[in-house]
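J.: Structure provided below as structure tokens; questions to follow.
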Amino acid sequence: MTQPQAVIEAIESLGGIAPLGKIYQVALQNPDCIWGTQTPQASIRRIVRHTKGIYVVRKGLYALESHRKQLESNGIVEITNANANSNEIQQFTHYYYQGLLLKVGELRHLDTFVPNQDKNRMFLQEATLGDLRSLNEIPNYTYSQLVQRSSTIDVIWFNERKMPHSFFEVEHSTDIQNSLLKFCDLQDFNARMVIVADDYRKDEYLHKLSETAFRDLREQKRVSFLSYDELDRQYENALADSQRGFIL
């Protein structure tokens, strides 16, 4: 089997669409393909970009042309300059990165929660966000009004004691200030607070954080910014770590 055939077979086995990190994992385990290089991941990156029958849905996410119509019927549409600001693309991007956060949380052996209003949203062809989360209900970890406030946060990771480990808000097109207001209400918890967005929104994030209302968040360095590209890389790293028997 050739290397491009192994990559195509890997994407096919993953439902016709997959993040790059998952393609690495599956293609490199194919017993019928010999990679013959110390950098097989670089070979896979070249293959997904230049092989007929594979197209880029968005950076770091690849699909098979043979599945394009089915994917588009499920709202998974190739991002172009013409449709980048469409409601369809905005929703797909939001749910995709919620799904990646749930995946990374699982790989790090944390419990995960996504709001009930999002639980029926699809993550690629694989499952709904509700299927990916490990908790069907948010734990009653504190006063009811604060539990209710946090129940609308896009993704929460919980530790083994069912206390919040990390709060994530995915901000593709919505106002970052609303997420910072939620974080203000939850700042007394020893949990990380993260805005996840496209890198071009970092200046907007910093501007919002500089406002007087968010002084405590800013001065105590309670909030971090995570770009989509960095989340993609961390998902790839978490998948790779899950394959290793021992990590220094």
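The values are calculated or read from the model by the stated rules, or taken from the named source; none is laboratory data. Given the structure is predicted, the values throughout are model-derived calculations rather than measurements. Note that we place each Cβ from the backbone using ideal geometry, even for glycine, and neighbour counts take in every protein chain shown. Surface accessibility is based on the protein's heavy atoms, side chains included, excluding ligands, DNA and RNA. Shrake-Rupley method; radii C 1.70, N 1.55, O 1.52, S 1.80 Å.
J.: Need the failing condition index for Lys221 against (1) open to solvent by 10 Å² or more (accessible area, probe 1.4 Å); (2) over 21 Å from Phe113 (Cα atoms); (3) not in a loop (DSSP other than H, G, I, E, B), just the number.
T.: (3)
J.: Could you list all residues from the stretch 199-248 that are among the charged types (D, E, K, R) and within 23 Å of Lys103 (Cβ to Cβ)?
T.: Asp199, Arg201, Asp229, Glu230, Asp232, Arg233, Glu236, Asp241, Arg244
J.: Filter the stretch 71-85 for residues that are outside any loop (DSSP other than H, G, I, E, B) and surrounded by fewer than 17 Cβ atoms within 10 Å (Cβ to Cβ) and give the result.
T.: Glu72, Ser73
J.: Just one of the numbered conditions (1) closer than 16 Å to Ser173 by Cβ; (2) of a type outside the set (Phe, Trp, Tyr); (3) assigned to a loop (DSSP other than H, G, I, E, B) is not true of Glu88; which one?
T.: Of the numbered conditions (1) closer than 16 Å to Ser173 by Cβ; (2) of a type outside the set (Phe, Trp, Tyr); (3) assigned to a loop (DSSP other than H, G, I, E, B), the odd one out for Glu88 is (3).
J.: Follow-up question, since we're still on this one. Of everything in the stretch 95-117, what is open to solvent by 20 Å² or more (accessible area, probe 1.4 Å) and farther than 16 Å from Tyr235 by Cα? Give them in sequence order.
T.: Selection gives Asp111, Asn116, Gln117.
J.: Give me a count of the residues in the stretch 188-207 that are under 30 Å from Tyr141 (Cα atoms) and either open to solvent by less than 40 Å² (accessible area, probe 1.4 Å) or hydroxyl-bearing (Ser, Thr, Tyr) (or both).
T.: Number satisfying all stated conditions: 8.
J.: For the stretch 12-33, give me the residue count where each residue is within 17 Å of Asp232 (Cα to Cα), part of a helix (DSSP H, G or I) and small (Gly, Ala, Ser).
T.: Number satisfying all stated conditions: 1.
J.: Every residue in the stretch 155-168 that is in contact with a Pro (Cβ under 7 Å, 6 or more places away or on another chain) and either surrounded by 15 or more Cβ atoms within 10 Å (Cβ to Cβ) or at pLDDT below 95 (or both), please.
T.: If the condition is that a residue be in contact with a Pro (Cβ under 7 Å, 6 or more places away or on another chain) and either surrounded by 15 or more Cβ atoms within 10 Å (Cβ to Cβ) or at pLDDT below 95 (or both), then Ile156, Phe158 are the ones that fit.
J.: Right, something else. For the stretch 149-194, what are the residues that are over 30 Å from Glu88 (Cβ atoms) and small (Gly, Ala, Ser)?
T.: Once the filter is applied, which keeps residues that are over 30 Å from Glu88 (Cβ atoms) and small (Gly, Ala, Ser), the stretch 149-194 yields only Ala191.
J.: Just checking, how many residues over the stretch 161-199 are of a type in the set (D, E, K, R) and either touching a residue at least 40 places away in the same chain (Cβ under 8 Å) or touching a Phe, Trp or Tyr at 6+ places or on another chain (Cβ under 6 Å) (or both)?
T.: Of the residues in that region, 2 qualify.
J.: On to the next question. Would you point out the residue of the stretch 11-34, among those that are of a type outside the set (Gly, Ala, Ser) and over 19 Å from Ala240 (Cβ atoms), that is least open to solvent (accessible area, probe 1.4 Å)?
T.: Across the stretch 11-34, the extreme among qualifying residues is Ile17.
J.: Taking Ala238 as meeting all but one of (1) among the small types (Gly, Ala, Ser); (2) free of Cβ contacts under 8 Å to residues at least 24 places away in the same chain; (3) within 29 Å of Ile89 (Cβ to Cβ), write down the number of the exception.
T.: Only one criterion is unmet by Ala238, namely (2).
J.: Moving on to the next point. Return the residues of the stretch 45-61 that are under 17 Å from the mean Cα position of the chain (by Cα) and open to solvent by 10 Å² or more (accessible area, probe 1.4 Å); say none if nothing qualifies.
T.: Answer for the stretch 45-61, where residues must be under 17 Å from the mean Cα position of the chain (by Cα) and open to solvent by 10 Å² or more (accessible area, probe 1.4 Å): Val56, Arg58, Lys59, Gly60.
J.: If a residue has to be among the polar types (S, T, N, Q) and open to solvent by less than 40 Å² (accessible area, probe 1.4 Å) to count, how many in the stretch 35-44 make the cut?
T.: Residues in the stretch 35-44 being among the polar types (S, T, N, Q) and open to solvent by less than 40 Å² (accessible area, probe 1.4 Å): 1 in total.
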